[in-house]
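Written below as structure tokens is the structure these notes are about.
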Amino acid sequence: MPVINSIAAMKDEMTEWRRDIHMHPELGFEEFRTSNLVAEKLEAWGIEVHRGVGQTGVVGVLKGRGESDKSIGLRADMDALPMQEENDFAYKSKHDGKFHGCGHDGHTTMLLGAAKYLAETKNFDGTVHFIFQPAEEGKGGGKAMIEDGLFDRFASDEVYGMHNWPLLGAGEAGLRTGPMMAAADEFKITIKATGGHAAMPHHTVDPVIIATQIVQGFQTLVSRNTNPLHPAVISVTQMHIGSAFNVIAHDGWMGGTVRTFDESVRDEIETGMARIAKSVADAYGGEAEVFYRRGYPATVNHEKQAEKAARVAEAVLGQGKVDRDIQPVMGAEDFSYMLEKRPGAYIVLGQAGGPSACMVHNPRYDFNDEILPVGASWFATMVETELKRAS
Ligand SMILES: [Zn+2]
Ligand SMILES: [Zn+2]
């Protein structure tokens, strides 16, 4: 059961859709043209369409043959990035500062390809929900859809998602059981001290000293307080203190990001950062205010569903083409919210070897159209396998 023949035959058509979406990128929760294009195609193929789920999200509902009440959710993201494209091919972005630099144009197209094939063949028994979500890049469109009743309105026994992956060759895939992507949080520490003349430090409380000691303290949260077998990153990425060579500032702030896989590690780091910041500032005679904002949770694959996703990927790509123990990534992904609500799995599909050799979020990145039939076949085969008709 390799790439499905009739899907392979749709490659040129899918390439057209993909390049059209690429040319008209839209940012999170502004995917009006894209979601309209998706909805119109689904409707034209006789699929029941629900617009405006989680603002600009679209859900297509397709029932197969037979009486089964089993269901499956397949998810693709639709948004582009707020960055300038540096490619110069004919279908490059028509909108300055907006660019499909993460390949969501490809994800949307692959799920559309699967939807068209499944609507024509209906070789399954049960219900498929095609979930086209907005705003994956930082704005939590996946969460918005869930809060808008996604799984109450479109009950899905299991849910599957996929991302293209330039670090794997086209024709390969990877996943693992457990965390695939990290939780991503942000912090801002405001330091209040007592400024003064830089030549008379004994009359001041120096916020620079406090800030640097806090940064040192944060490093020990990872190296001394976190189980070495549980990965964690604390990166202080900015520090803003002072404005003159000879003045000790009154205050300042610093900020950065925290990445973790394990929820208990995440909790410990959040409370540990507050403890260290406040007590270090206090020890030097100042004060620290800590603001910690939780972003996307970790993307955690469920064991049974990861195995099903891997088996289907192997059926499409061939034996030996699926890495079942791929290294997790400290990046983040809001499919995590769906995996918190439903058993499922997230897989990465190799795309290297095409015209674009660079990583996602690079201004010269482009989705590799060669893998369109592969991804569409994986989605479709997940349905035909999970919702198999009684023979
Ligand atoms: Zn991205
Ligand atoms: Zn992405």
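Within segment 75-89, being more than 16 Å from ligand 2 (Cβ to nearest atom), open to solvent by 30 Å² or more (accessible area, probe 1.4 Å) and either under 15 Å from the mean Cα position of the chain (by Cα) or touching a residue at least 24 places away in the same chain (Cβ under 8 Å) (or both) holds for 84, 86, 89.
Identify all residues within segment 132-162 that are acidic (Asp, Glu) and modelled with pLDDT under 95; write none if there are none. Across segment 132-162, there are no qualifying residues.
Just wondering, is there one or more residues in segment 381-391 that are without any contact (Cβ under 8 Å) to a residue 24 or more places away in the chain and either more than 17 Å from the chain's Cα centre (by Cα) or surrounded by fewer than 24 Cβ atoms within 10 Å (Cβ to Cβ) (or both)? Checked segment 381-391: at least one residue is without any contact (Cβ under 8 Å) to a residue 24 or more places away in the chain and either more than 17 Å from the chain's Cα centre (by Cα) or surrounded by fewer than 24 Cβ atoms within 10 Å (Cβ to Cβ) (or both).
For segment 201-256, enumerate the residues that are assigned to a loop (DSSP other than H, G, I, E, B) and closer than 19 Å to residue 189 by Cα. Full working, then the answer.
Of the residues in segment 201-256, the ones assigned to a loop (DSSP other than H, G, I, E, B) are 204, 206, 224-231, 242-246, 249-250.
Result: 206, 242, 243, 249, 250.
The number of residues in segment 90-121 being surrounded by fewer than 24 Cβ atoms within 10 Å (Cβ to Cβ), under 24 Å from residue 49 (Cβ atoms) and in contact with a strand residue (DSSP E or B) (Cβ under 8 Å, 6 or more places away or on another chain) comes to 1. Residues that are crowded, with 22+ Cβ neighbours inside 10 Å, more than 16 Å from ligand 1 (Cβ to nearest atom) and either in a strand (DSSP E or B) or not assigned by TED's automatic domain parsing to the domain that holds residue 372 (or both) within segment 133-166 comprise 159, 160, listed in sequence order. Scanning segment 31-67 for residues that are of a type in the set (Gly, Ala, Ser), in a strand (DSSP E or B) and open to solvent by 20 Å² or more (accessible area, probe 1.4 Å) yields one hit, 52. Here residue 172 does not qualify as surrounded by fewer than 18 Cβ atoms within 10 Å (Cβ to Cβ) and more than 16 Å from ligand 2 (Cβ to nearest atom). Within the span defined as segment 110-132, every residue fails to be within 13 Å of ligand 1 (Cβ to nearest atom) and within 22 Å of residue 37 (Cα to Cα). Note on segment 270-295: residues that are more than 24 Å from residue 139 (Cβ to Cβ) and either part of a helix (DSSP H, G or I) or open to solvent by less than 30 Å² (accessible area, probe 1.4 Å) (or both) amount to 15. Considering only segment 348-359, I want to know if a residue exists there that is closer than 30 Å to residue 62 by Cα and away from ligand 1 (no atom under 16 Å from the Cβ). Yes, segment 348-359 contains at least one residue that is closer than 30 Å to residue 62 by Cα and away from ligand 1 (no atom under 16 Å from the Cβ). Taking the listed residues 11, 70, the one that is assigned by TED's automatic domain parsing to the domain that holds residue 161, open to solvent by 60 Å² or more (accessible area, probe 1.4 Å) and either touching a residue at least 60 places away in the same chain (Cβ under 8 Å) or basic (Lys, Arg) (or both) is 70, with no other qualifying. Looking only at segment 313-328, count every residue that is touching a strand residue (DSSP E or B) at 6+ places or on another chain (Cβ under 9 Å) and surrounded by 15 or more Cβ atoms within 10 Å (Cβ to Cβ) and tell me the total. The number of residues fulfilling the criteria is 10.
The values are calculated or read from the model by the stated rules, or taken from the named source; none is laboratory data. Since the model is a prediction, treat every value here as computed from it, not as a measurement. When we count neighbours, we look across all protein chains shown, and the Cβ atoms used for this are built from the backbone with ideal geometry, even at glycine. Accessible surface areas use protein heavy atoms only, side chains included; no ligands, DNA or RNA. Shrake-Rupley method; radii C 1.70, N 1.55, O 1.52, S 1.80 Å.
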